[in-house]
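First comes the structure, then the notes that go with it.
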Amino acid sequence: MPAMVRLNVDMKSNPMTIGQVADHFGLPAHVLRHWESVGLLSPARVAGDRRRYTRDDLFRVASIVIAKQAGLPLPDIRRFLTARDPAARKDVLRSNHRALQTRMAALRSALDLLEAGMNCSHEDITTCPNYRTHLEGTALAGPMTE
């Protein structure tokens, strides 16, 4: 999936084909078809049962892409996008918000570890005092005894 979603809200007023939308978001077309099959998308159909995506559909695809990047499972994304009750929508978002915060903290710790490793000139990184200090400060390392 693309690293960052950029939605061109000034798209031409003509509906887009599945190929155009897939290209726009850097996705394979089969992903859009799958999202439609699980109830996340419902583009209009024209002659020959061809899909046509409107500006509203692009906002929906962008929402799905960003939610997927945040780690939300498709059923949660569907509940989020289809909830008419703001409280139900907030429940879905709240639980995923906590999970994302936890993952972000783990990623920050991993990034810190990589940076500590890049700043080490020891032959054996595991003997570097600065690296060890950082590693001892991580929650995953647990207590270190000699």
Förster-model FRET efficiency, 25 Å R0, Ala87 and Ser63, C-beta, rounded to 0.05: 0.85
Accessible area (Å², 1.4 Å probe, nearest 10) - His34: 90
HN-Hα J in Hz across the range 20-26 - Karplus 6.51, -1.76, 1.60, θ = phi - 60°, x for Gly and Pro: 5, 5, 4, 4, 4, 9, x
Charged-residue dipole, Cβ positions (Lys, Arg, Asp, Glu), the range 26-99 about Cα centre, Debye nearest 20: 60
Among Met118, Met104, Met16: highest mean-square fluctuation, GNM of the chain, C-alpha pairs under 10 Å: Met118
Relative intensity, log₁₀ I(q)/I(0), of the chain from a Debye sum that treats every alpha carbon as a point, q = 0.12, 0.16 Å⁻¹: -0.67, -0.89
Rounded to whole Hz, the Karplus (6.51, -1.76, 1.60) HN-Hα couplings of the range 46-57, x for glycine and proline: 10, 3, x, 6, 7, 6, 9, 9, 9, 4, 4, 5
Estimated FRET transfer efficiency (Asp76, Ala47; beta-carbon r; R0 30 Å; 0.05): 0.25
Inter-probe distance in nm under a simple model that places probes 7 Å from Cα toward Cβ, at Glu123 and Arg94: 5.7
Linear extension gain, Asn14 paired with Met104, 0.36 nm per residue minus alpha-carbon span: 28.5 nm
Phi to ³J(HN,Hα) by Karplus 6.51 cos²θ - 1.76 cosθ + 1.60 over the range 63-79, Hz, x for Gly, Pro: 4, 5, 4, 5, 5, 5, 4, 7, x, 6, x, 4, x, 5, 5, 4, 4
Whole-number accessible area per residue in Å² for the chain, which is evaluated in the context of all protein chains at 1.4 Å: 68
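The values are calculated or read from the model by the stated rules, or taken from the named source; none is laboratory data. All values reported here derive from a predicted model rather than from experimental measurement. Positions of Cβ are generated from backbone atoms using ideal geometry, with glycine treated the same way; all protein chains shown enter the neighbour counts. Side chains are part of the model used for accessible areas, which takes the heavy atoms of the whole protein and leaves out ligands, DNA and RNA. Shrake-Rupley method; radii C 1.70, N 1.55, O 1.52, S 1.80 Å.
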